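The values are calculated or read from the model by the stated rules, or taken from the named source; none is laboratory data. What you see is a predicted model; the values in this text were computed from it and never measured. Cβ coordinates were reconstructed from backbone atoms using ideal geometry, including for glycine residues, and neighbour counts include every protein chain displayed. To get the accessible areas, we keep the full protein, side chains included, count just its heavy atoms, and leave off ligands, DNA and RNA. Shrake-Rupley method; radii C 1.70, N 1.55, O 1.52, S 1.80 Å.
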Amino acid sequence: MDRPTANSRESTGQKIETVLLSDIAAGLLQPGERLDETKLAERFGVSRTPVREALSRLTAQGVLVAGEKRGVRVAQYSRDELGQMFEAMQEIESVCARLANQRLTLLARSEIEAAQLRCKAAADANDRIAYIHANEALHLSIYRATENPYIFELASDFRRKTGPFRAKKLETQADLVASVANHEILLAKIFSSDTQVAVDGMRQHMTESFMRVLAVNS
């Protein structure tokens, strides 16, 4: 039998990392929840080595934190820490809105609009998990529209870390429908001819988002 190579382990580890990130962003793994290597290995049908590699990378990203007895947990933040993170996010996302507005290409706009259509379809179907994934894709498409990979990675990092906290504000179909409507307002501003309108629109969007996050994570 062929032994798994380092590349195959890396590929498996990356797939596990992607699934766990998705679970955390969707709130399927809660802040403070412990992740067990053995159970994860059983879940994915692999040895503990690629699981350990995936957990190590997620810990390095700040999505997971080291716990007792060499275990790891989903990162958990206080209200003050969340406030500081959203303050930083607001500044970064405002920059994203400004650059996206100034550099928007037809392809970038199409990608953003396609993500918004997926958000609307998920909301209409009352598919919470699909909506959360589409919502992440929408914001990532705005980051890509900046045409700056460093800003993209910085903004994406904050979204990874705050995913489970933001997911809690999307519980009912009414929440999903309201989020779609808020996106429509935001995108109209990003697509406008006025850069300051785009920046102000994102600042308002992030402020409202933070207030909802605080309300459901009290």
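For region 39-58, the criterion of being open to solvent by 70 Å² or more (accessible area, probe 1.4 Å), at pLDDT 90 or above and acidic (D, E) is satisfied by at least one residue. Could you please give the count of residues in region 4-38 that are touching a His at 6+ places or on another chain (Cβ under 8 Å) and modelled with pLDDT of 85 or more? The total comes to 0. S218 passes every criterion in (1) surrounded by 14 or more Cβ atoms within 10 Å (Cβ to Cβ); (2) under 28 Å from R34 (Cα atoms); (3) more than 16 Å from the chain's Cα centre (by Cα) apart from (1). Across region 59-85, the qualifying residues are those that are without any contact (Cβ under 8 Å) to a residue 60 or more places away in the chain and crowded, with 18+ Cβ neighbours inside 10 Å, and the one among them that is farthest from S22 (Cα to Cα) is V72.
Among the residues of region 99-107, is there at least one that is closer than 19 Å to D157 by Cα and not polar (S, T, N, Q)?
The answer is yes, given that some residue of region 99-107 is closer than 19 Å to D157 by Cα and not polar (S, T, N, Q).
If L35 satisfies every condition in (1) free of Cβ contacts under 8 Å to residues at least 12 places away in the same chain; (2) open to solvent by less than 20 Å² (accessible area, probe 1.4 Å) but one, which is the exception? Only one criterion is unmet by L35, namely (1).
Among the residues of region 94-113, what is the count of those that are out of contact with any Ser or Thr (no Cβ under 8 Å at 6 or more places or on another chain), in contact (Cβ under 8 Å) with a residue 24 or more places away in the chain and closer than 15 Å to A137 by Cβ? Qualifying residue count, region 94-113: 2.
Residue-wise test of (1) among the hydrophobic types (A, V, I, L, M, F, W, C); (2) farther than 30 Å from E37 by Cα.
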{"site": "V74", "(1), (2)": "yes, no"}
{"site": "Y77", "(1), (2)": "no, no"}
{"site": "L82", "(1), (2)": "yes, no"}
{"site": "I92", "(1), (2)": "yes, yes"}
{"site": "N101", "(1), (2)": "no, yes"}
{"site": "R109", "(1), (2)": "no, yes"}
{"site": "L117", "(1), (2)": "yes, yes"}
{"site": "A125", "(1), (2)": "yes, yes"}
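Output yes when any residue across region 160-177 is without any contact (Cβ under 8 Å) to a residue 40 or more places away in the chain and of a type in the set (V, I, T), and no when none is.
yes
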